[in-house]
Amino acid sequence: MNIFAEYADRVKAVVAGLNLATSDGASPDVSRITVEAPRDPAHGDLATNAAMVLAKQVGMKPRDLADKLVEALAKDDDISEVSVAGPGFINMRLQQGAWHKVLAAIVAHGVDFGRSARGKGKRVNVEYVSANPTGPMHVGHTRGAVVGDALANLLAYAGYEVVREYYINDAGSQIDTLAESAFLRYREALGDDIGEIPAGLYPGDYLVPVGKKLAEDYGDQLKSKDKAEWMPIVKDLSIDMMMDMIRSDLAKLNVKHDVFFSERALHAQTDGGTSKIDEMLDALRGDGLVYEGTLPPPKGQVPDDWEDREQTLFRASDYGDDTDRALKKSDGSYTYFAADVAYFRDKYQRGFQEMIFILGADHGGYVKRLQAVGKAISGGKSEVIVRLCQLVKLFRAGEPFKMSKRSGDFVTLRDVVDEVGVDPVRFMMLYRKNDAPLDFDFQKVTEQSKDNPVFYVQYGHARCCSVMRQVLEEVPNLDITDSKLAEADFSVLEDSGEIELISKMAEWPKIIDAAAETHEPHRVAFYLYELASSLHGHWNRGKESPQLRFINVENNKVTLARMALVRAVSLVLESGLSVLGVDAPQEMR
């Protein structure tokens, strides 16, 4: 039950009943009519822009049209008060019974209250993390991993068919460097003195097990081979072991992918002697998307793949990019961008209607080119959405903090999770919009206070569970199964704090739809904090006014209704925390 959508439909029905018409006699377009919660609760429970968006269409002044709508809406039995505000906005206050219907719906639907059919089964690919397989996950990858995973959860909850994908960058110079670094550790495992790790190679101790595994499997055989012989052997093992490490790191964060797509698969030759990149280039030529030409030198720093010569170019600028993009290097090999195009084409051929990329802030230059590729390859049929994650700064008690760096020159994801736990990491990575810088304070995310959002929200759920346990002790004969709670007489819930809690929970379906539409899972985190705040606030009122307490041992009718209210809050908190990938504890100590 989405109360905002329901009342928007009621407003549209009222508009239809007025028989309004445009200058050409057609019915007005009501698609832009919305119902929202007013910014100031004192103005009412709901507000609609109907008169504002329809007035010009039907040739009336907004306030005049609003007066007509108000007169009709006043006849709705669930609306206790309706008025015009400002230039023509309409505010409505609902009867308490309307809120009681919402509470009944929450208890009846359980954690599925808020689950949406918005996506209509649309196939969406969410690609996130996709770090080079050259070492363990570091703290910079953590935010993108959490944002991508939570967004995938959110879209699935909103009715989309979601595939979570990791693109393995296992082709290119960084993999050669990885192999050379691992070979050095292989020599070390055989007893050679390798001295200081040369500049340009990966110095982390995480490659020591790779060297030992090579020594165990091959003895000293690789030492006598030419580089061209040992390189593919070392590459394969190094990539496999790095990906095992990455999967293990992500598992610490409760992040799992459905697909791990290898870049090398794009370069691999098929039985016909062509690769997926070759096939992509042939297809683009056939569609007139590729030409032979030259590029002017780019402004500012010149990228590595720019060459002052005639080359094979993709018409990216025709689709919104700043410039056309090279697909081949002077030696005839493909550019990184060529692999990106082939990869997108592969996704499109797999039937995805929407592709979402979660990238680090340093990939801002990729946004236009990825969107251009999407428009060109799909003919505008598939949407490309890019979300950039800003940097995470580490603090302890408000002071900049650097952890010990056991893995080379960076702080690992595992370090952070091991110190504070997975729930604080996930929640706090989502407690800011993805494109806003985030300060992560090790002390604050573990303290038990209102200033720690994850504790405050989880404590709200634990408090609900505690009340449900307590009522069984104080009123042992009271049946508080969900079926009995759904039958409670909610008319006894008359206090403003109780109605506020219900109205806040009524926002949950709308939050899901809005967060899914904008691809912003942080909205869920913000909402959960607000709901927990409403719960704790009402709880505190009960300390001063015993008649407001959830448990009234002298009145089972009131207690049962209030247990339904508590149960509903716990269900919405559990549902929201699940979307974020955070635990909903039944007790906290």
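Taking only pairs six or more apart or across chains, which ones have beta-carbon atoms under 8 Å, a first residue in segment 445-462 that is within 19 Å of Val417 (Cβ to Cβ), and a second residue that is assigned to a loop (DSSP other than H, G, I, E, B) and hydroxyl-bearing (Ser, Thr, Tyr)?
Here the result reads Pro453/Tyr431; Val454/Tyr431; Phe455/Ser449, each pair linking segment 445-462 to a residue that is assigned to a loop (DSSP other than H, G, I, E, B) and hydroxyl-bearing (Ser, Thr, Tyr).
Just to confirm my filter: which strands (runs of 3 or more DSSP E) fall fully inside segment 353-449 and include at least 1 residues that are over 25 Å from Val124 (Cα atoms) and either at pLDDT 90 or above or among the hydrophobic types (A, V, I, L, M, F, W, C) (or both)?
Where strands (runs of 3 or more DSSP E) fall fully within segment 353-449 and carry at least 1 residues being over 25 Å from Val124 (Cα atoms) and either at pLDDT 90 or above or among the hydrophobic types (A, V, I, L, M, F, W, C) (or both), they are 392-396, 438-441.
To keep it simple, each residue is scored yes or no on (1) modelled with pLDDT under 95; (2) surrounded by 17 or more Cβ atoms within 10 Å (Cβ to Cβ); (3) within 19 Å of the chain's Cα centre (by Cα); (4) under 23 Å from Leu151 (Cα atoms).
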position	(1), (2), (3), (4)
Gly97	yes, no, no, no
Leu103	no, yes, no, no
Val107	no, yes, no, no
Ala117	yes, no, yes, yes
Val124	no, yes, yes, yes
Tyr128	no, yes, yes, yes
Ala131	yes, yes, yes, yes
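Kindly indicate the residue of segment 170-188 that is in contact with an Asp or Glu (Cβ under 8 Å, 6 or more places away or on another chain) and more than 11 Å from Met242 (Cβ to Cβ) and also surrounded by the fewest Cβ atoms within 10 Å (Cβ to Cβ) among those meeting that condition.
Here the residue is Gly172.
Select, from Phe442, Phe427, the only residue that is surrounded by fewer than 19 Cβ atoms within 10 Å (Cβ to Cβ), farther than 15 Å from Val566 by Cα and of a type in the set (Phe, Trp, Tyr).
Just one listed residue meets the conditions, Phe442.
Quick check: anything in segment 483-490 part of a helix (DSSP H, G or I), free of Cβ contacts under 8 Å to residues at least 40 places away in the same chain and under 25 Å from the mean Cα position of the chain (by Cα)?
No; the residues of segment 483-490 include none that is part of a helix (DSSP H, G or I), free of Cβ contacts under 8 Å to residues at least 40 places away in the same chain and under 25 Å from the mean Cα position of the chain (by Cα).
Given the options Lys213, Lys256, Lys235, name the one that is in a helix (DSSP H, G or I), farther than 13 Å from Thr134 by Cα and touching a Leu at 6+ places or on another chain (Cβ under 9 Å).
Every option except Lys213 fails the conditions.
Taking the residues in segment 321-348 that are touching a Lys or Arg at 6+ places or on another chain (Cβ under 7 Å) and more than 18 Å from Arg264 (Cβ to Cβ) as candidates, determine which candidate is surrounded by the fewest Cβ atoms within 10 Å (Cβ to Cβ).
Going through the qualifying residues, I end up with Ser330.
Count, please, the residues in segment 386-396 that happen to be surrounded by fewer than 18 Cβ atoms within 10 Å (Cβ to Cβ) and farther than 21 Å from Glu419 by Cβ.
Selection size over segment 386-396: 1.
Are there any pairs, at least 6 apart or on different chains, whose C-beta atoms fall under 6 Å, with the first in segment 46-60 and under 14 Å from Leu73 (Cβ atoms) and the second surrounded by fewer than 18 Cβ atoms within 10 Å (Cβ to Cβ), and if so, which?
If the second residue must be surrounded by fewer than 18 Cβ atoms within 10 Å (Cβ to Cβ), the pairs left are Ala47/Glu36; Ala47/Pro38; Asn49/Thr34.
How about segment 500-511: which of its residues are buried (at least 19 other Cβ atoms within 10 Å of the Cβ) and in a helix (DSSP H, G or I)?
Leu501, Ile502, Ser503, Lys504, Met505, Ala506, Trp508, Pro509, Lys510, Ile511 - these are the residues of segment 500-511 that are buried (at least 19 other Cβ atoms within 10 Å of the Cβ) and in a helix (DSSP H, G or I).
Is there a residue being acidic (Asp, Glu), surrounded by fewer than 20 Cβ atoms within 10 Å (Cβ to Cβ), at pLDDT 90 or above and outside the structural domain of Met505 (by TED's automatic domain parsing) anywhere in segment 20-39?
Yes; the residues of segment 20-39 include at least one that is acidic (Asp, Glu), surrounded by fewer than 20 Cβ atoms within 10 Å (Cβ to Cβ), at pLDDT 90 or above and outside the structural domain of Met505 (by TED's automatic domain parsing).
Just give me the residues in segment 76-87 being under 18 Å from Arg10 (Cβ atoms) and surrounded by 12 or more Cβ atoms within 10 Å (Cβ to Cβ), in sequence order.
The answer is Asp76, Asp78, Ile79, Ser80, Glu81, Val82, Ser83, Val84.
Might you let me know whether segment 194-206 holds any residue that is of a type in the set (Val, Ile, Thr) and without any contact (Cβ under 8 Å) to a residue 60 or more places away in the chain?
Checked against the condition, which is being of a type in the set (Val, Ile, Thr) and without any contact (Cβ under 8 Å) to a residue 60 or more places away in the chain, segment 194-206 yields at least one hit.
Of all residues in segment 527-559, which are more than 38 Å from the chain's Cα centre (by Cα), over 21 Å from Arg469 (Cα atoms) and of a type outside the set (Gly, Ala, Ser)?
Result: Glu544, single match.
With respect to Gly44, determine if the residue is within 19 Å of Ala85 (Cβ to Cβ) and small (Gly, Ala, Ser).
Yes: the conditions hold for Gly44.
What are the residues in segment 228-240 that are surrounded by 12 or more Cβ atoms within 10 Å (Cβ to Cβ) and either in contact with a Phe, Trp or Tyr (Cβ under 9 Å, 6 or more places away or on another chain) or among the small types (Gly, Ala, Ser) (or both), if any?
Trp230, Met231, Ile233, Val234, Ser238 - these are the residues of segment 228-240 that are surrounded by 12 or more Cβ atoms within 10 Å (Cβ to Cβ) and either in contact with a Phe, Trp or Tyr (Cβ under 9 Å, 6 or more places away or on another chain) or among the small types (Gly, Ala, Ser) (or both).
Does any residue of segment 78-93 turn out to be on the phi > 0 side of the Ramachandran plot, touching a Phe, Trp or Tyr at 6+ places or on another chain (Cβ under 7 Å) and not assigned by TED's automatic domain parsing to the domain that holds Glu498?
No, that holds for no residue.
Phe455 - would you say it is hydrophobic (A, V, I, L, M, F, W, C), on the phi < 0 side of the Ramachandran plot and either in a strand (DSSP E or B) or in contact with a Gly (Cβ under 8 Å, 6 or more places away or on another chain) (or both)?
no
Mind counting the residues in segment 1-28 that are of a type outside the set (D, E, K, R) and assigned to a loop (DSSP other than H, G, I, E, B)?
12
Do you know which residues across segment 523-558 are among the charged types (D, E, K, R), in a helix (DSSP H, G or I) and surrounded by fewer than 17 Cβ atoms within 10 Å (Cβ to Cβ)?
Glu530, Arg541, Lys543, Glu544, Lys557
What residue, among those in segment 189-227 that are β-branched (Val, Ile, Thr) and touching a Ser or Thr at 6+ places or on another chain (Cβ under 9 Å), is surrounded by the fewest Cβ atoms within 10 Å (Cβ to Cβ)?
Looking at the filtered set, the residue picked out is Ile197.
For residues that are surrounded by fewer than 17 Cβ atoms within 10 Å (Cβ to Cβ) and over 21 Å from Gln174 (Cα atoms), scanning just segment 260-278, find the one that is modelled with the highest pLDDT.
Filtering first and then ranking leaves Thr274.
Within segment 571-589, count every residue that is surrounded by fewer than 22 Cβ atoms within 10 Å (Cβ to Cβ) and of a type in the set (Ser, Thr, Tyr).
Residues meeting the conditions: 1.
Can you find a residue that is under 11 Å from Gly88 (Cα atoms) and buried (at least 17 other Cβ atoms within 10 Å of the Cβ) anywhere in segment 2-12?
No.
Let me spell it out: the conditions are (1) in a loop (DSSP other than H, G, I, E, B); (2) under 25 Å from Trp508 (Cβ atoms); (3) more than 33 Å from the chain's Cα centre (by Cα), and Ser31 meets all of them except one. Which number is the exception?
Every listed condition holds for Ser31 apart from (3).
Return a yes/no flag: does segment 165-174 have any residue that is small (Gly, Ala, Ser), part of a loop (DSSP other than H, G, I, E, B), at pLDDT below 95 and under 30 Å from Val386 (Cβ atoms).
yes
The values are calculated or read from the model by the stated rules, or taken from the named source; none is laboratory data. Given the structure is predicted, the values throughout are model-derived calculations rather than measurements. A quick note on method: Cβ atoms are made from the backbone with ideal geometry, for glycine too, and the neighbour counts reach across all protein chains shown.
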